[in-house]
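Structure first, then comments.
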Amino acid sequence: MRLTGRRDRARVRAFTATLLGLVVFAGVSGCGDDEAAPSALGAASQGRALSAYDLVVVASAENNPLYSDLYGITVDPLSATRITTDKRISSLDAFGGQVVVAAADGPTDRLAFVADNGDLTPIPKLGRPFAYSPNFRADGSVVFRDFVQDNDIAVYRTREWDQTSEQTRTLSRSKEELLGLQLGSDGRLLFLRNNETGDDVVVVENAKGKQRSFRLDGDGAGYLGWGRDHIAATANAADASFGEQATGTVFIAIDTGEQQLVPGWQPIAWNGDGTKVLARSTADLTRSELAFLDPRNPAAPERLGVLPALAIYFGSWMRGT
Amino acid sequence: MVRRVSSARSFWAGSALATALAVASWAAPGVAVAGERSETDGLITQVNTLTFSAKLALNPLTGKASLVDASKLTQVLDPAGNPLTPLKVRAAAVQSGSPIGNYACVKQGNARKGFVEFNRTDWFNAGKHGVEQYQFFPYMQPGARTFGTVKTTQFQVCGTGGADLKDGYRIHQAGMGIAFPDAGRTFKIGQGWQAGKTPSDTTVSLGFELSDKRSPLSIKGSISQNPSDKLKGSIVGPYETSMDAFARNGVNAWWEDSCVNGWSRCKFKGDGSADFQGTVVHGLWEFSPADARAVRYFWIYPYLKYACHGFRCG
C-alpha cells in the first residue's frame, strides 16, 4: 500500500521509532560481564507465572515515570522481564503470587490485579473508585487509599477490600492527605506527608490512629517502605523531578527514630524478610545498577549488576510464596 | 468537488456576462456552456497555506491565560502541493473580533479541590481572504494521580473554531493544533477529536474524571457548521509545520474537503467550501510536580489551506 498522506507518514515515523527502540533495547542485552540481559519486551505473553519473579517493579525503558509499566525481576541471575505494556502503573504490591496495581484509566488511577500475561483485571465488586497505593494483607485482602468529595471538601480514606466477601469497608477518613500508604505489622500504616514549602515527613500511624512523625531532610518523593527494624525512604535533591534527582536512601530506625543517609543509592524494595533494601545507583538514572543495602552496614553495598536502559522507580518483593 | 452549471440557467448567464467575466477573471477566457465544463470553469493555479503559531501562556496562580509571541506563516503552493514560494514567517498581532460561528468549550460537573479554569483566549484573524477564529479553553487539575508518593498535575486544553472565507475563496482544510513544547519526553495522556463525515453539530468531550460519581467533571467542546465533507484528527496537522517536532505531545483536528483525497485533488475552482467550517480538539497532558511547575505555555497553531479563484485574487 502506497503511503501518501501526512498522517500515513507520521504513522510510519512512529512505528519506525518504536521498532528502533525495541531493536536497541533487545540489542543491548548480554553486553558486558556484569550487565544482565533484560528479556524481550512482552515476554509476559509467554505466560511466566508472576510468582517466579523475586520482585515486581514499576519501571520505564524511556525513563518516563508517568509512562511506567510492570516488570518482573530475578536477582540471580539478574534479569528483567516486561509484564505490562502501556498501562501507566503508579503503585503496586505483591503477595502470594498475586500482584495488585494502581494503573491509569485515562486521567485517573484504578486498582486491578495483574495476570501472568500482563492483562489487568478489575478487583471483583470493588467498582471504579479513584484509588491508589494498594497493599495486600496476608489473607489476600487489599488495603488502599481513595478520596471522595463531600460538599466540595476532599476526604481521604483508607479502605479494605475483603477477598472472601468481596466487600469493601472504610477503615479511616481524614481531610489530611497522606501519600504512599504502606501496610506494616500489627496494623501499623506508613505514609508520607508532603510539605510543598518545606521538609516532607514520614508518618507512622498505629491501629488506633495515633501518629509518630519523622521529619526528612528535604523532599521524600519516591519509595517508602517497612523493613523489619527500619523504614526506608528516598532522599532527593531539592525541587526534584521524580525519577531524575534521587540522591540516596534514608534509613529510619523504627524504635529510636534515628536516621542515617546512604548517598548514591535510591531504595526500590525491601527484600522478603525486611533485612536488606534493593537499591539502584543514582549515578545514572537512565539505567539500573542494583545492589542490596544493609542498614546495619550501609557503607558496603552488595552489588548485583546492571539492567541497562531500564529506569526502576520502586517495587515490591514477591512475599508469601 | 466539481460544480456542474445547471443547464436551465447557464446558457443565459453565459450569454449576458461572458465578455465581462472573461476580462475580469484571471483564468483562461471562455464561455461556460450549459451542461459542459469549459476551459474557464477550470483549474486553479495555486493554493495558499496560512498558519499561525502562538504561545498559550498560562499562570496557574492567577488563572490567567494569554496568547503571546504570535507568528504568521504563509506559503503559495501549486495544486499538487509543491511550493511556488518560500515559507514566509512574520510576527503577527493578536487581533480581536466578533464571533464568526457557534462554538464553545464548556465545563460540566463538579471540579475537584485545586482545579483551575483559565480564562478563554481567542485567536482571530481577518484578511482579504476572510476570517478565522479559534477559541482555547485551558484547565489544570493538581493532584490528579498519585505516583508512589508523588501527586501529578494534569492540564487540558480544549480548542474550537474555524474559518469563513469571502466570495471567490474556498476552504480546502481548516483547523488547529495544540502542543506541549517538548520533543523528547511524552506528557500527553489523552486526546480527542471527531473524525468522519462532518455533522451539522459536533461535540467532543474529554474528562478530568473525579471520584464524585454524582457529577464527574468533563469538558465538552462543540461547534455548529455546514455538514459537508469530513472532519479529521491526528498528532500532526494536515501539512508540515514546525510543530511536527512536538508530535508526541500534540493534538490536531481539522475540517477537510473531500477533494483533498479525491480524484480532482482540489484543482478545480469549484472545489472546497464557501461556508464556515471548523472543528473541536482536546488534549490532556500530565506532569510530575517539578515538571508541572515548569509549565509556562502550550503552542497553538491554527491553519488554513485555501484557494482563490475570483477577481479578488492577486
Eigenvalues of the alpha-carbon gyration tensor of the range A:204-312, times 5 and square-rooted, give semi-axes in Å, largest first, of 23, 16, 12
As an exercise, take the mean of 1/r over every pair of distinct alpha carbons in the range B:228-307, invert it, and state the Kirkwood radius in angstroms.
14.8
Residue by residue through A:122-129, how many Cβ atoms from other chains fall within 10 Å of the Cβ on average?
1
Rounded if a/c is under 1.5, else prolate if a/b beats b/c, else oblate: with a ≥ b ≥ c from the C-alpha gyration tensor eigenvalues square-rooted, which is the range A:99-140?
oblate
Rounded to the nearest Å, the spacing of the alpha-carbon centers of the range B:254-292 and the range B:54-95 is 16
Check: C-alpha center the range A:103-131 vs C-alpha center the range A:245-286, spacing in Å is 29
Hey, what did the range A:111-225 get for relative contact order, percent, Cα under 8 Å, at least 6 apart?
15
Straight-line reach from A:K87: which lysines have Cα under 17 Å away, leaving out those fewer than 8 places along the same chain?
B:K188
Past the 18 Å Cα-Cα mark, which pairs from A:K175/B:K151; B:K197/B:K232; B:K232/B:K305; B:K107/B:K220; B:K72/B:K267; B:K166/B:K230?
B:K72/B:K267; B:K166/B:K230
Take the Cα atoms of the range B:116-226, build their convex hull, and give its volume per residue in Å³.
153
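Here, each number is a calculation from the coordinates, and none is a lab measurement. Because the structure is a prediction, the values reported are computed rather than measured. Note that each Cβ is placed from the backbone with ideal geometry, even for glycine, and that neighbours are counted across all protein chains shown.
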